[in-house]
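Below is one structure, written out as structure tokens; the observations come after it.
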Amino acid sequence: GDAIVRREGPIGIVDIRSFDGDSLGGTVSAKVQFITTKPRSYAGTGSLREINLEELTTFFELPEKEKHKLVGRGFANVELSGDLEKETAVDSLRGRGRIEVFEGDFFQLPVLNPVAKAVTGEKKRDLGTVGEAAILLSVNGRTIRVREAAFSAPLLGIQGDGEITTDGQLDLNLVAAPLADWRDKFKQTNIPILSDVTGEVAGAIQRTLNAATRGLLYEFRVRGDLKKPEIKTVPS
């Protein structure tokens, strides 16, 4: 790491100009500036590369049956800023980011699992679940805005957007395509489903959705609590 501590008149500043390390099976890096005099605040950027998501379970108290759901290699770029004062820390939080996961098992997650079952039926438990995901999001206080998201596996693709609050309330719109050759069909359009790690996801997901509208067979609205979401099918 590399940091500078300084004052600009009455303002105290800690400037972490670089922070790099090996963690969770991959690498982490960050740059952040802290204002140490009131009103205290921070602003910075960070990135994760080749993170082993299974190692994240060591940070959470999860039931054994839940731990297997967090697998794959993760990548992320984030920008965050906010207050350091306890009373305003959450409401002042602002940020945006891009998350990508490879070799993940997404269709066991609370919202995606019932959607996958509704599309493919109870008999297709093995969806070829090892797949890829990309999520573009922004944070405004207690609300996380999922601007664009895509989850792909050999037998199923899901795209969507919406909002999630910090207390677990959902307001999401999802579109699912139960196509065994989902990726191959879309590749024929020459529109990328997911970017590579250094590429840009923005726009690619929406272009894919627009180009494949007639092939996407199911639309869902997800409302309510994350632990027990209310999922309704939207008539075609």
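Extension gain, Glu219 to Asp167: 0.36 nm times the residue separation minus the Cα-Cα distance gives 16.2 nm.
In the full protein context, region 3-105 carries 63 Å² of accessible surface per residue, based on a 1.4 Å probe and ignoring ligands, DNA and RNA.
The fraction of accessible area contributed by carbon and sulfur in region 1-106 is 57 percent, rounded to a whole number (1.4 Å probe; ligands and nucleic acids excluded).
In terms of the mean number of neighbouring beta-carbon atoms within 10 Å, the peptides 43-55, 221-233, 94-106 order highest first as 94-106, 43-55, 221-233. Where in region 14-54 does the amide nitrogen come within less than 13 Å of the point 7 Å from the Cα of Glu87, taken along Cα to Cβ? Those under the cut-off are 39-40. At a Förster radius of 45 Å, what calculated FRET efficiency corresponds to the Cβ-Cβ distance of Thr57 and Arg6, to the nearest 0.05? After rounding to 0.05, the efficiency reads 0.70. Length available on full extension from Arg94 to Ile231: 0.36 nm per residue minus the Cα-Cα distance, which gives 46.4 nm.
The values are calculated or read from the model by the stated rules, or taken from the named source; none is laboratory data. Keep in mind that what you see is a predicted model, and the values were worked out from it rather than measured. Please note: Cβ atoms are built from the backbone with ideal geometry, for glycine as well, and neighbour counts cover all protein chains shown. These accessible areas exclude ligands, DNA and RNA; they are computed on the full protein's heavy atoms, side chains included. Shrake-Rupley method; radii C 1.70, N 1.55, O 1.52, S 1.80 Å.
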